[in-house]
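Chemist: Below: one structure in structure tokens.
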Amino acid sequence: MNTVPIPRVVIAGTNSGVGKTTIVAGLLAAYRASGHGVQSFKVGPDYIDPGFHKIASGRESYNLDSWLVPPDTLPTFFASMAGDADLAIIEGVMGLYDGGREGVSSTAQIAKQLGAPVVLVIDCKAMGESAAAIAMGFRDYDKDVDFKGVILNRLGSDNHERMVREGMEKIGVPVIGAIRRDDRMHSPERHLGLTPVTEIDPTESIATIQHAVQSMVDLDALYKVAASAAPMAAPVDATKGVTKRTKIGIAYDEAFSFYYPASLAALEAQGAELVYFSPLKDSTIPDVNGLVFGGGFPEMFLQALSENLSMKQSILDANERHMPIYAECGGLMYLCKHIHDFDGNVFDTVGVVPANCVMQQKLQKVGYVTATAKRDTLLGNTGTTLRGHEFHFSTMEPTIEEFPWAFHLEGGRKPQSYDGGYATNNVLASYLHLNFAGSLEGAKHFVDMCEAFGNTK
């Protein structure tokens with residue numbers, strides 16, 4: 001088996017909110033500025049953090065998730081996505097040992113599967129030597145994790161930094177970086193977390209953290225940590241020799257931006273040519289044989305989406321012609337008849353799905369789920385099982401009695417069993433987020449359906 005060196009490091013945290021995304025963006029920008037090709041990854045199903053990675057590194061960022069992508073294929077997937085980069089930086093999710101039930105897709109699990117060393121970010125605000133006790137606990141909790149050091153964040157002064165460093169010296173934990181508090185290193189948030197980069201320009205804040213990282217993190221030491229990782233099996237190009245056999249329209253704009261790049265690449269590997277369009281700004285769908293509406297924040301753009309009558313009509317016309325239409329979460333909401341916003345205002349949306357979506361003040365579903373098809377769908381026949389993730393504040397309320405539920409779902413952070421989604425011969429819309437890189441049969445089935453539709457035109 002051929003192997004290749006892939007310098008790689010996981011930037012983990014003690015918990016959510018310690019500054020992982022900010023620091024990773026600064027690291028990516030700093031290494032890029034020094035002439036390194038740096039490839040970023042994000043552990044878990046997050047769509048928003050990778051957008052900040054992309055701006056900082058100049059490359060697409062890829063998700064690493066052992067639920068959405070089978071664990072045995074993850075190293076090959078990672079090596080393929082790392083490509084020709086000089087360095088791979090992997091941002092963790094939540095705390096180092098947090099994930100789905102029983103640690104599924106935790107940062108620690110991913111780090112071990114990839115043989116990647118770990119550097120822990122600690123928010124040191126209002127703490128001194130206690131930071132060393134935290135580091136020692138994380139280092140010793142699982143000896144199989146290759147714990148290589150810490151980055152201290154939100155330090156207040158030279159004396160504060162000295163106290164924390166002394167504690168780390170006592171336990172033999174290397175300090176890779178020590179970053180001072182700076183309110184400019186912040187990105188706006190909303191109900192699903194950070195605001196996507198499709199709606200804001202984080203260039204200035206990324207430049208600020210880049211300069212901080214360049215002066216406060218030992219970039220050479222961090223690279224040596226990454227280079228200590230063992231070689232990996234050489235990647236294989238899945239798209240080599242693939243013939244494009246059908247065109248698929250991808251809704252992409254400020255309202256619909258939640259796509260895993262690897263998921264779209266999986267469609268391309270099955271022979272799809274992807275054509276991007278904007279439900280917000282374009283007047284009609286493009287000349288394609290299938291449509292994909294990803295997740296996002298349609299609830300923040302309801303006036304514009306509702307008033308784009310020609311776009312809505314072109315989607316309805318495509319549905320009347322039985323064009324395959326696949327939608328996830330925000331895409332499902334848009335395809336419903338109406339969306340009720342957080343204030344109770346009602347907006348007319350497309351109307352392909354005979355249901356209304358209602359925004360709620362509390363998170364309705366979150367977590368990994370297994371979906372079993374209750375009928376034949378665009379992704380497979382009755383009984384097909386898919387692994388996905390749900391995270392939404394809205395509820396879908398059917399407007400017809402005999403509603404064609406797409407899936408029976410099991411799982412979630414609070415384990416539940418329920419029916420969800422909408423499926424007809426040509427439409428599949430649900431709250432389920434998938435990564436087609438881990439559902440290759442589903443990707444093939446969808447592309448096949450789009451090709452078959454194209455052959456009838």
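Every number in this text was worked out from the coordinates using simple rules, so none of it is lab data. In this text the structure is predicted, and so the values were computed from the model without any measurement. Please note: Cβ atoms are built from the backbone with ideal geometry, for glycine as well, and neighbour counts cover all protein chains shown.
Chemist: Describe numerically, in nm with one decimal, the distance between label points set 7 Å from Cα along Cα→Cβ at Asp158 and at Arg181.
Modeler: 1.9 nm
Chemist: For region 410-457, divide the Cα radius of gyration by the Kirkwood radius and give the resulting Rg/Rh value with two decimals.
Modeler: Result: Rg/Rh = 1.08.
Chemist: Shifting gears a bit: Pairs of alpha-carbon atoms within less than 8 angstrom and 6+ residues apart define the contacts here; what relative contact order does region 270-392 have, in percent?
Modeler: Contact order relative to length: 19 percent.
Chemist: R0 = 30 Å: FRET efficiency of Leu316 with Asn381, Cβ-based, nearest 0.05?
Modeler: 0.65
Chemist: Please state the equivalent ellipsoid semi-axes for region 237-304: what are the square roots of 5 times the Cα gyration tensor eigenvalues, largest first, in whole Å?
Modeler: Listed largest to smallest, the semi-axes of region 237-304 are 25, 14, 6 Å.
Chemist: Run the Debye formula on the Cα coordinates of the chain, all scatterers equal and no solvent, and tell me log10 I(q)/I(0) at q = 0.13 1/Å.
Modeler: -1.17
Chemist: Still on this structure, please answer the following. Pull up all non-local amide H partners of Leu291: gap of 5 or more, or a different chain, and H-to-H distance under 5 Å with H placed in the peptide plane.
Modeler: Gly249, Ile325, Tyr326
Chemist: Further, regarding this structure: Any chance you could list the semi-axes, whole Å, largest first, of the equivalent ellipsoid that the Cα gyration tensor gives for region 286-361, using √(5λ)?
Modeler: 21, 12, 11
Chemist: Distances longer than 28 Å among the Cα atoms of region 227-377: what percent of all pairs is that?
Modeler: Summing the P(r) of region 227-377 above 28 Å gives 29 percent of all pairs.
Chemist: Continuing with this model, one more query. Quick one: which of Lys143/Lys170; Lys20/Lys148; Lys54/Lys414 span more than 25 angstrom between C-alpha atoms?
Modeler: Lys54/Lys414
Chemist: If you stretched the chain out fully between Thr243 and Glu169, how much longer would it get, using 0.36 nm times the residue separation minus the C-alpha to C-alpha distance?
Modeler: Residue separation times 0.36 nm, minus the Cα-Cα distance, leaves 20.9 nm.
Chemist: So what are the radius of gyration and Dmax for the Cα set of region 300-457, in Å?
Modeler: Gyration radius and largest Cα-Cα distance of region 300-457: 15.5, 46 Å.
Chemist: Shifting gears a bit: Using 0.36 nm per residue of separation minus the Cα-Cα distance, give me the extension gain between Ala133 and Thr372 in nm, one decimal.
Modeler: So the chain would gain 81.5 nm between Ala133 and Thr372.
Chemist: Now for a different question. If contacts are Cα pairs under 8 angstrom and at least 6 residues apart, what is the relative contact order of region 25-123 in percent?
Modeler: 28 percent
Chemist: To one decimal place, what orientation-averaged projected area in nm² is obtained for the convex hull of the Cα set of region 62-103?
Modeler: The number I arrive at for region 62-103 is 3.4 nm².
Chemist: Based on the mean of other Cβ atoms within 10 Å per residue, sort peptides 64-77, 36-49 so the most packed one is first.
Modeler: 36-49, 64-77
Chemist: Moving on to the next point. What is the extension gain from Ala234 to Asp287, computed as 0.36 nm multiplied by their sequence separation minus the C-alpha to C-alpha distance, in nm to one decimal?
Modeler: Full extension of this stretch gives 15.3 nm more.
Chemist: OK, next. Would you compute the Debye intensity of region 1-152 from its alpha-carbon atoms alone, equal scatterers and no solvent, and pass along log10 I(q)/I(0) at q = 0.08, 0.15 Å⁻¹ to two decimals?
Modeler: Here log10 of I(q) over I(0) equals -0.20, -0.73.
Chemist: Looking at the chain, send over the antiparallel percent of its DSSP beta bridges, to the nearest 5.
Modeler: Here the antiparallel bridges make up roughly 45 percent for the chain.
Chemist: Could you grab the relative contact order for the chain? Cα pairs under 8 Å, six or more apart, rounded to a whole percent.
Modeler: Once divided by the residue count of the chain, the mean separation gives 14 percent.
Chemist: Working only with C-alpha atoms, what are the Rg and Dmax values of region 78-156, expressed in angstrom?
Modeler: That works out to 13.9, 42 Å for Rg and Dmax.
Chemist: Can I ask one more? For the pair Gln360/Ser34, report the inter-label distance in nm, with labels modelled 7 Å from Cα in the Cβ direction.
Modeler: Distance between label points: 4.8 nm.
Chemist: Using every Cα-Cα pair within region 349-397, state what percent have a distance larger than 18 Å.
Modeler: Summing the P(r) tail past 18 Å for region 349-397 gives 52 percent.
Chemist: Tell me, what is a quarter of the convex hull surface for the C-alpha atoms of region 4-58, in nm² with one decimal?
Modeler: Result: a mean projected hull area of 4.4 nm².
Chemist: Points 7 angstrom from Cα along the Cβ direction at Ser16 and Tyr276: gap in nanometres?
Modeler: Rounded to a tenth, the inter-label distance reads 2.8 nm.
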